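Encoded as C-alpha cells, here's the structure I'll be asking about.
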Amino acid sequence: MRPTVRRFPRPERGMISRPTVDDVYRYRAHIDRAIEELLNDPPQEHLQEILHRLQLGLPHEQQHQELLFMDIKHILAQNPLCPVYRG
C-alpha cells in the first residue's frame, strides 16, 4: 500500500526546484537518440504499435510544452520586477 502524499498546490508549482537546463538538454538528447534509433530500424512486428504510440505521445508531449510555457508566464507575472517574455 502506497503512502498518501499531499499534492503540492498548483498555484505554487513554480516554487519547486526543477532539473537544471543542462540536465534537461542531456535527457532530451538521450531520448532523441533512442527514438531516432528506433525509427531508423523499427522491429517490423511492432511497427503499428510504435506508430500508434507516437500518434498518442507527440500531442501529449506538446501539451507538456504548452503547460511549461504557461508556468513560465505565470512565474514572470508574479515577479515584482515585471520582466517581459519575448519569444
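Which value in Å is the Kirkwood Rh of the chain over different Cα pairs?
Across the chain, the inverse of the average 1/r is 16.6 Å.
At Asp41 and Gln78, where each label point lies 7 Å from the Cα along Cα→Cβ, what is the point-to-point distance in nanometres?
Distance between the two pseudo-spin positions: 4.8 nm.
Any idea what angle helix 47-78 forms with the longest principal axis of the chain, computed on alpha-carbon atoms, 0 to 90 degrees, nearest 10?
Once rounded, one gets 10 degrees.
Same structure again: When the chain is treated as a GNM, springs tying every alpha-carbon pair under 10 Å, which of Ile35, Ile16, Ile72 comes out with the largest mean-square fluctuation?
The residue that fluctuates most here is Ile16.
Could you give the nm distance between label points at Leu58 and Thr20, where each point is 7 Å from its Cα heading toward the beta carbon?
In this crude spin-label approximation the distance works out to 3.3 nm.
Between Phe69 and Arg7, what is the spin-label point distance in nm, taking each point 7 Å from the Cα along the Cα→C-beta axis?
Placing both labels 7 Å beyond Cα along the Cβ direction yields 2.4 nm.
Turning to a different aspect of this structure: In nm, what is the difference between 0.36 nm times the number of residues separating Arg33 and Tyr85 and their Cα-Cα distance? List each step's numbers first, then the result.
Working: separation 52, 0.36 × 52 = 18.72 nm, distance 3.08 nm.
Additional length available on full extension: 15.6 nm.
Under a point-charge model restricted to the Cβ atoms of Lys and Arg (+1) and Asp and Glu (-1), what is the dipole moment magnitude of the chain relative to its Cα centre, in debye to the nearest 20?
720
Here, each number is a calculation from the coordinates, and none is a lab measurement. None of these values were measured; they are calculated from a predicted model. Counting neighbours? That spans all protein chains shown, and the Cβs are built from the backbone with ideal geometry, glycine included.
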